[in-house]
1. Within the stretch 18-32, can one find any residue that is of a type in the set (G, A, S) and modelled with pLDDT under 90?
2. Go through (1) at pLDDT below 80; (2) of a type outside the set (D, E, K, R); (3) open to solvent by 20 Å² or more (accessible area, probe 1.4 Å) one by one and return the number of the condition P65 breaks.
Amino acid sequence: MIALNEEFGIEKLRGVCDNATSRIYGFIMYTRKHSYIVKVLRDNDFWNELDEISGANWPIFSIKPLDDGYYTHPRCSEEMCQMMVPIWKEPNSNRKFLDFFSLEESSDLPCFIIFIWKDNDEIEQIIWRLKSTNTQEAFDSIRRVVKIISSTEELILPEYKRSENVFRNVKENIEAVVFKQRLIHGARRLVSIKDFLNGLKV
C-alpha cells in the first residue's frame, strides 16, 4: 500500500505503476464523509494487513487520512457579524483524482478502483464498491477485493505479469464474484417474498 501525500499527482502515479512488477494497480477512493473507510485507513494494523495481503508486485494507492488536521475560522462578509467558532479541517486530496477516474462522488464513492494503462495508453478500470456501515465491514470489503486481485496475480507466470492479460484475468474474476453476489442476493429476496406470501395464506 502506498500512502499518497498532497503533492502526489498523476505523473508520479504513472511512474510508480510503470515500475511495478505486475500490470495491475489499485486505488482506494473516499472522502471525509466516509468515516469508516477513513478509520480503516488511519489504523496502522488494518493498513499493514492489507499491505501484507497485496504483497510487493502490484501497488495500491491511497491518501492515508492524517491525524493532524487543523482548525480554521469561518469566513464572513463585512456586512455580517458571525461568532468565531473554530471549524476542524482535514485534507481531502482524493477530490483531485475524481476527474482522472471519471467518478461521481455522490454515486461512486467509496470504492476500490482496479485499473491499468493499456498498450494504447488509455486507462481501463473496474469499480468495486466498498461498504461502510461500520469499521469492520469497511475493512472486510477492502480486504476481499485485495485478496481476489492478489490470488489472481499470483497465478500469472512472471513473463506475463507486464501484459494486459493480468488486468483481463482480474476483471474476469471480479465480475464472477459480483455476479455470484447478485445471484445470492436475488435468491434471498425470492425466499423472503415466498415466506411473506406463505404468511398471508395462514
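1. Of the residues in the stretch 18-32, the ones of a type in the set (G, A, S) are 20, 22, 26.
In the following step, the residues that additionally are modelled with pLDDT under 90 were identified as none.
Checked against the condition, which is being of a type in the set (G, A, S) and modelled with pLDDT under 90, the stretch 18-32 yields no hits at all.
2. Status for P65: all satisfied but (3).
The values are calculated or read from the model by the stated rules, or taken from the named source; none is laboratory data. As the structure is a computational prediction, the values presented were derived from the model and not from experiment. Surface areas here come from the heavy atoms of the whole protein model, side chains and all, with no ligands, DNA or RNA. Shrake-Rupley method; radii C 1.70, N 1.55, O 1.52, S 1.80 Å.
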